[in-house]
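To start, the structure itself, in C-alpha cells.
The values are calculated or read from the model by the stated rules, or taken from the named source; none is laboratory data. Fair warning: this is a prediction, and the values are worked out from it, not measured in the lab. Glycine also receives a Cβ, built like all others from the backbone with ideal geometry; neighbour counts cover every protein chain displayed. Protein only, heavy atoms only, side chains kept; ligands, DNA and RNA dropped before computing areas. Shrake-Rupley method; radii C 1.70, N 1.55, O 1.52, S 1.80 Å.
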Amino acid sequence: MSVSRSDNLLVMVWLRGLHAVDPFEAQLAERFPHLKVSDGTAFLHSRTRMGRLPDTTGRATGYTPFSLPQV
C-alpha cells in the first residue's frame, strides 16, 4: 500500500466498533490540530486477524501460516 500526493499519511486501526470511529478521530484532531482526515474506509469483518482465523463471534478457530518469501 502506498500514499502519494498531498495525502501522505496512512493510519490503520482496529476499534471495537463503528461507534469508536468518531471519538478516535476527535482524539487525533485534539492531539494533532493540523491533521486533516481526507478519506476513511471501514471493514466490518476481517478474514484474518494477526494470522488468526476468527469465527463470527471473533474467537480464533485456526491460523494462517506465515512464511517469508524465498530470495
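Structure data summary
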{"item": "Simple label model, 7 Å out from Cα along Cβ direction - Glu30 to Phe66, nm", "result": "3.3 nm"}
{"item": "Furthest towards positive pole of dipole, Gly58, Pro33, Leu15, structure part the chain, Cβ charges", "result": "Gly58"}
{"item": "Amide hydrogen neighbours beyond the local backbone of Leu53, cut-off 5 Å, H modeled", "result": "Thr61, Gly62, Tyr63, Thr64"}
{"item": "Prolate/oblate/rounded call for the chain, Cα gyration tensor, a/c under 1.5 rounded", "result": "oblate"}
{"item": "Residue-normalised accessible area of the chain, expressed per residue, 1.4 Å probe, Å²", "result": "105 Å²"}
{"item": "Accessible carbon and sulfur surface of the chain relative to its total accessible area, %, 1.4 Å", "result": "54 percent"}
{"item": "Peptide ranges 51-58, 37-44 listed from the most packed, as the mean C-beta count within 10 angstrom indicates", "result": "51-58, 37-44"}
{"item": "On Cα atoms only, tilt of 21-31 relative to the major axis of the chain in degrees", "result": "50 degrees"}
